[in-house]
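Here is the structure we will look at.
The values are calculated or read from the model by the stated rules, or taken from the named source; none is laboratory data. Quantities reported herein were computed from a predicted structural model and do not represent experimental measurements. Methodologically, a virtual Cβ is constructed for each residue, glycine included, from the backbone with ideal geometry; neighbour enumeration extends over all protein chains shown.
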Amino acid sequence: MLLKSLEFKRLDGQKVKIVEIPVLEEDNHYYFLIQIRLQSFLTKLHSLKTPQQVYSFREYLKKLLKWPDYEAIFQSTILKHNA
(Lines give C-alpha, C1' and ligand atoms only; values in the text may rest on other atoms or scores of the structure.)
Protein backbone atom coordinates (compact mmCIF):
# COMPACT_ATOMS: atom_id res chain seq x y z
CA MET A 1 0.00 0.00 0.00
CA LEU A 2 1.35 3.35 -1.03
CA LEU A 3 0.57 6.28 1.28
CA LYS A 4 1.11 9.99 0.83
CA SER A 5 0.98 13.03 3.06
CA LEU A 6 -0.30 16.54 2.50
CA GLU A 7 1.00 19.68 4.17
CA PHE A 8 -0.49 23.15 3.82
CA LYS A 9 -0.70 26.52 5.56
CA ARG A 10 -3.99 27.91 6.76
CA LEU A 11 -4.90 31.56 6.22
CA ASP A 12 -3.81 32.33 9.79
CA GLY A 13 -0.32 30.96 9.00
CA GLN A 14 -0.54 27.70 10.94
CA LYS A 15 0.89 24.61 9.23
CA VAL A 16 -1.31 21.52 9.11
CA LYS A 17 -0.13 18.08 7.96
CA ILE A 18 -2.33 15.15 6.98
CA VAL A 19 -0.57 11.78 6.90
CA GLU A 20 -1.49 8.25 5.79
CA ILE A 21 -3.54 9.16 2.72
CA PRO A 22 -3.88 6.04 0.55
CA VAL A 23 -2.88 6.27 -3.11
CA LEU A 24 -5.30 4.31 -5.28
CA GLU A 25 -5.49 3.82 -9.04
CA GLU A 26 -8.26 5.71 -10.83
CA ASP A 27 -10.00 2.49 -11.82
CA ASN A 28 -10.13 1.29 -8.20
CA HIS A 29 -13.61 0.90 -6.72
CA TYR A 30 -12.74 3.12 -3.72
CA TYR A 31 -10.93 5.92 -5.59
CA PHE A 32 -13.94 8.26 -5.69
CA LEU A 33 -14.81 7.53 -2.04
CA ILE A 34 -11.31 8.46 -0.88
CA GLN A 35 -11.30 11.67 -2.92
CA ILE A 36 -14.65 12.82 -1.53
CA ARG A 37 -13.72 11.93 2.07
CA LEU A 38 -10.40 13.76 1.73
CA GLN A 39 -12.13 16.85 0.35
CA SER A 40 -14.67 16.86 3.18
CA PHE A 41 -11.87 16.32 5.73
CA LEU A 42 -9.96 19.31 4.36
CA THR A 43 -13.10 21.46 4.48
CA LYS A 44 -13.62 20.42 8.08
CA LEU A 45 -10.02 21.33 8.99
CA HIS A 46 -10.30 24.77 7.40
CA SER A 47 -13.32 25.59 9.55
CA LEU A 48 -11.69 24.65 12.88
CA LYS A 49 -10.67 27.53 15.15
CA THR A 50 -7.59 25.82 16.63
CA PRO A 51 -6.50 22.77 14.60
CA GLN A 52 -3.79 20.32 15.56
CA GLN A 53 -0.56 20.24 13.60
CA VAL A 54 -0.78 16.62 12.39
CA TYR A 55 -3.83 14.54 11.48
CA SER A 56 -4.07 10.90 10.42
CA PHE A 57 -6.42 10.36 7.49
CA ARG A 58 -6.39 6.63 8.24
CA GLU A 59 -7.82 7.23 11.73
CA TYR A 60 -10.43 9.58 10.26
CA LEU A 61 -11.55 6.90 7.79
CA LYS A 62 -11.58 4.26 10.51
CA LYS A 63 -14.25 6.28 12.32
CA LEU A 64 -16.39 6.89 9.23
CA LEU A 65 -16.24 3.82 7.02
CA LYS A 66 -17.71 0.40 7.51
CA TRP A 67 -15.09 -2.12 8.55
CA PRO A 68 -15.12 -4.23 5.32
CA ASP A 69 -14.57 -1.07 3.24
CA TYR A 70 -11.78 0.10 5.53
CA GLU A 71 -10.05 -3.29 5.30
CA ALA A 72 -10.40 -3.33 1.52
CA ILE A 73 -8.73 0.08 1.23
CA PHE A 74 -5.91 -0.52 3.71
CA GLN A 75 -5.33 -4.19 2.98
CA SER A 76 -1.81 -5.24 3.77
CA THR A 77 -0.17 -7.95 1.75
CA ILE A 78 1.24 -10.64 4.00
CA LEU A 79 4.61 -11.76 2.79
CA LYS A 80 5.43 -15.44 2.91
CA HIS A 81 8.35 -16.33 5.21
CA ASN A 82 8.83 -12.65 6.14
CA ALA A 83 10.39 -11.93 2.76
Residues located in region 10-47, provided they are within 16 Å of TYR60 (Cα to Cα), surrounded by fewer than 16 Cβ atoms within 10 Å (Cβ to Cβ) and among the charged types (D, E, K, R): LYS17, LYS44
Screening ASP27, ASP12, ASP69 for residues that are part of a loop (DSSP other than H, G, I, E, B) and modelled with pLDDT of 90 or more leaves only ASP27
Filter region 47-59 down to residues that are part of a helix (DSSP H, G or I) and modelled with pLDDT under 90, then give me how many there are. 1
With within 25 Å of ILE73 (Cα to Cα), in a strand (DSSP E or B), out of contact with any Asp or Glu (no Cβ under 8 Å at 6 or more places or on another chain) and among the basic types (Lys, Arg) as the only criterion, which of LYS62, LYS17, LYS44, LYS4 stands out? LYS4
